[in-house]
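The structure appears right after this line, and notes come after that.
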Amino acid sequence: MMQRSRVSDVRHALDATSHNTTAVEKPKQARVLVIEEIAALREHMINILRSSMHLVSDISTVGITNSVSVREALSYNPDMIVMDLTCNFSNSSRLAEDVWHEHTKIKFLFWCGSSRQISVPRLERLLPAQAVYGCIMKSASDEQLAFAIHRVLVHGNTYVDPKLREADYKQRQQCRELSDAELRTLKDIAIGLTDCAMAERHNISARGIQSRISSLFAKVLSNDKYDPNRQDKKDRFNPRTRLIFEAINKGLIDAATLADWSRDYIGDLGSSSDFSP
């Protein structure tokens, strides 16, 4: 990807999208803010953007290497922001959410070095209904980058890299592999319930709860290189804490779901004399 493509190749990819996507009015002037720590990658993206000048009348690009506030981002009056998600998904997605809160018409193109660095379901939950965005891998070809830029910036359509779609599908499959009982136990652990409290809540034995937890470890942590059940990791990670981290990272649970689950549990307790919220 680091090698510059020929402008004609990129333009060919952009032209191809014009015939496959519903035509819309091209922006008279497009300003693009590029947020990327690595200078070489930042310059590469800028070169790809500049190669599309024949389709978009003008593009202004800005490279920034440090964290950007909402005010700083908006000061460039961008039509689209290209943002690196490699360093911190939470900070980057929060910036996007805050920017969209101020200006819903600004488009985003997120790019990342690995499918594990971005959760499409988590990102979608943060987006307003009218948001236009794209997600693409840094390993994508120049033609793929050009296609994504054109699809998002010019046509206002969402684009998700096929590799990210595939990773999202695998995560959803893994979620479906968890039984309803296992999902309930996962949420119980996440809100801090003890084994005894979980057993009482679901009217089963503590041994039954422990069996479910063992099953969760096997399914959720199966591909985790930091699996605390591995002999060389036992003294470094708490298994249940790591379980919740991986469950959130894979989109199996989220803050809103856990808040509702905790609220239901407290409601079930009612006015029990041995409980005070």
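Among residues of region 69-83 that are more than 11 Å from residue 31 (Cα to Cα), those with a Cβ under 6 angstrom from a residue that is of a type in the set (Val, Ile, Thr) and assigned to a helix (DSSP H, G or I), sequence gap 6+ or separate chain, pair up as 70/99; 73/99. Suppose the filter is acidic (Asp, Glu), assigned to a helix (DSSP H, G or I), over 19 Å from residue 177 (Cα atoms) and at pLDDT 75 or above; does residue 232 pass it? In short, no.
Would you confirm, using the coordinates I've provided, whether residue 277 is modelled with pLDDT under 75 and not assigned by TED's automatic domain parsing to the domain that holds residue 189? Answer is yes for this residue.
For residues that are within 17 Å of residue 257 (Cα to Cα), surrounded by fewer than 19 Cβ atoms within 10 Å (Cβ to Cβ) and among the basic types (Lys, Arg), scanning just region 172-226, find the one that is modelled with the highest pLDDT. Per the criteria, the residue is 184.
Of the helices (runs of 4 or more DSSP H) lying entirely inside region 131-218, those containing at least 3 residues that are in contact (Cβ under 8 Å) with a residue 24 or more places away in the chain and over 30 Å from residue 99 (Cα atoms) span 162-177, 180-190. A single entry from 110, 147 fulfils the requirement of being at pLDDT 90 or above and of a type outside the set (S, T, N, Q): 147.
Restricting attention to region 51-101, the residues that are part of a helix (DSSP H, G or I), at pLDDT 80 or above and aromatic (Phe, Trp, Tyr) total 1. With respect to (1) of a type in the set (D, E, K, R); (2) modelled with pLDDT of 90 or more; (3) in contact with a strand residue (DSSP E or B) (Cβ under 7 Å, 6 or more places away or on another chain), the lone exception for residue 142 is condition (3).
Only a single criterion out of (1) part of a loop (DSSP other than H, G, I, E, B); (2) at pLDDT 80 or above; (3) not β-branched (Val, Ile, Thr) is not satisfied by residue 41, namely (1). For region 246-270, the set of residues classified as assigned to a helix (DSSP H, G or I) and either modelled with pLDDT of 90 or more or more than 20 Å from the chain's Cα centre (by Cα) (or both) consists of 259, 260, 261, 262, 263, 264, 265, 266, 267, 268, 269, listed by residue number.
The values are calculated or read from the model by the stated rules, or taken from the named source; none is laboratory data. Worth saying up front: this structure is predicted, and the values here are computed from it rather than measured. Methodologically, a virtual Cβ is constructed for each residue, glycine included, from the backbone with ideal geometry; neighbour enumeration extends over all protein chains shown.
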